Each structure stands twice: as C-alpha cells, then as structure tokens.
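Working notes for the structure below.
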Amino acid sequence: MDFGTQKKPCRKCLIADMNPDEILNGIAEYIRAVPADKRVDEETYQKRLSVCKSCAELSNGMCAKCGCFVELRALKPHMYCASEKKLW
Ligand code: SF4
C-alpha cells in the first residue's frame with residue numbers, strides 16, 4: 001500500500017468541494033455498509049424506490065419534500081415517505 005500518494009476520501013468536505021464521482025461512490029458505499037438489522041428487506045426497499053421513481057417530487061435522486069437522497073431514506077425501517085400523502 002502506498003501511503004504517500006494514495007488520496008483518502010475526505011469525510012468533512014461539502015458537496016461543493018467534491019467531484020460527482022466521489023459523491024455517488026460515497027452514497028453507494030454508505031448504502032452497502034448499512035447492516036441488515038438497520039435496513040428494510042430488499043422487497044420493501046425496491047417497492048419504496050419504485051414509488052419514489054414515479055413521484056413528481058423526485059429530482060436527481062433527491063426528494064424535494066425533505067431534501068433526502070431517496071435511496072438512503074427508503075433504506076431505513078423507521079423512515080416514511082416525506083409527502084403528506086405518505087405514499088410509502
Ligand atoms: S419520499 Fe415520498 S415525496 Fe419523496 S420522492 Fe419518495 S415518494 Fe415522493
């Protein structure tokens with residue numbers, strides 16, 4: 001391992017300071033790292049995301065109602081749809 005030249009991901013950077021690949025990779029890494037007991041089952045997750053994908057509030061992976069990345073919001077068992085209609 002080369003400790004001298006390998007760039008470590010910044011844990012304190014704002015989105016404005018990151019490149020898009022770092023942002024997307026960070027989200028994907030976070031999703032993968034959530035343990036099974038802290039996430040909904042895959043069927044529930046996909047159902048929630050399916051609702052988000054057909055929702056007018058979804059924009060660039062984010063919910064306009066709450067500002068969350070829906071792939072993170074839908075993952076958590078205690079979370080719910082941000083719409084007042086509670087679509088999931
Ligand atoms: S969380 Fe609810 S309001 Fe937000 S995008 Fe998903 S379905 Fe739409």
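Since every read-out is calculated from the coordinates, none of them should be taken as a lab result. None of these values were measured; they are calculated from a predicted model. For neighbour counting, all protein chains shown are included, and Cβ atoms are generated from backbone atoms with ideal geometry for every residue, glycine included.
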Rounding to the nearest 10 and keeping the result within 0 to 90°, find how far the Cα-based axis of helix 42-53 lies from the longest principal axis of the chain. 80
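Suppose every K and R has +1 on its Cβ and every D and E has -1 on its Cβ; what is the size of the dipole of the chain about the Cα centre, in Debye to the nearest 20?
Values: 15 positive and 12 negative charges, 61 e Å.
Computed charge dipole of the chain: roughly 300 debye.
Using 28 Å as the Cα-Cα cut-off, could you pick out the over-long pairs in Lys12/Lys86; Lys53/Lys76; Lys12/Lys38?
Details: Lys12/Lys86 33 Å; Lys53/Lys76 17 Å; Lys12/Lys38 24 Å.
Cα-Cα > 28 Å for Lys12/Lys86; rest within.
For a Förster distance of 25 Å, can you work out the FRET efficiency between the beta-carbons of Asp37 and Asp17, rounded to the nearest 0.05?
On the way: r = 33 Å, r/R0 = 1.33.
So, using R0 = 25 Å, E works out to roughly 0.15.
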Cα-only radius of gyration and Dmax that characterise the chain, units Å: 15.5, 53
With angles folded into 0 to 90 degrees, how steeply does helix 20-33 sit against the dominant principal axis of the chain? Use alpha carbons for both and round to 10. 70
